[in-house]
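Contents: one structure, followed by commentary.
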Amino acid sequence: MIKKLFLLFIPCLFLLASCNQGAKNADVNKADTVSLAVKSFIDSAAKYVEKPIRIEGTVLHTCKEGGKRMFLADGTDSITVEVTTGANIPKFDENLIGSRVKVLGILKEERVDAKYLNEWEAQTKKPAEDHSTGIHSATKGHEDQGTKETLDQINSLRDDLKKSGKDHLSFYSVEAISYTVAK
């Protein structure tokens, strides 16, 4: 009888230990969250790829097609940060434009290399309706960009890649876990 109780006790002990570990991990994640400013985002983003961050800015643009992206700006609109919807956020409403928002999310990196640009160019040259292809900007009406403008953008990125001396360009964004409208 004691052996049976002891055998039942061991799994319960492991279960309790694993539940307690989860609470510790949640605290570590909160402690690991870094606050970044829109103005310094580009300079510091590489250090925080795939890590939780907080960022606050003014919504300059939300994408019309599905609302899966919004762009935060600094006070001068000279720097923008792309924020994409995460699993818990179905879309960003257009009513957010002009609002100041606080975002908690995971910093993501998209690497653009020659292969990516070649594939994007091939996709652009054939009829397609895939809105997710390409690099999005906060430019109003970018969803309606024509083939010539897209090819110009691809060539511009090729020039940037060549000038960088690297094998890729990095574009950073934030995948939102949650956001609030600042008051």
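Quick notes on this structure:
- Top-ranked residue in region 74-91 [being under 20 Å from residue 145 (Cβ atoms) and touching a residue at least 60 places away in the same chain (Cβ under 8 Å); ranked as surrounded by the most Cβ atoms within 10 Å (Cβ to Cβ)]: 82
- Answer from 50, 65, 94 - the residue that is among the acidic types (Asp, Glu) and at pLDDT 95 or above: 50
- Residue match in region 98-106 (condition: under 23 Å from residue 169 (Cα atoms) and either surrounded by fewer than 17 Cβ atoms within 10 Å (Cβ to Cβ) or at pLDDT 90 or above (or both)): yes
- Residue list for region 83-120, restricted to those being acidic (Asp, Glu) and under 24 Å from residue 163 (Cα atoms): 109, 110, 113, 119
The values are calculated or read from the model by the stated rules, or taken from the named source; none is laboratory data. Just so it is clear, the structure is predicted and the values come from calculations on it, not from any experiment. With ideal geometry, Cβ positions are generated from the backbone for all residues, glycine too; neighbour counts draw on all protein chains shown.
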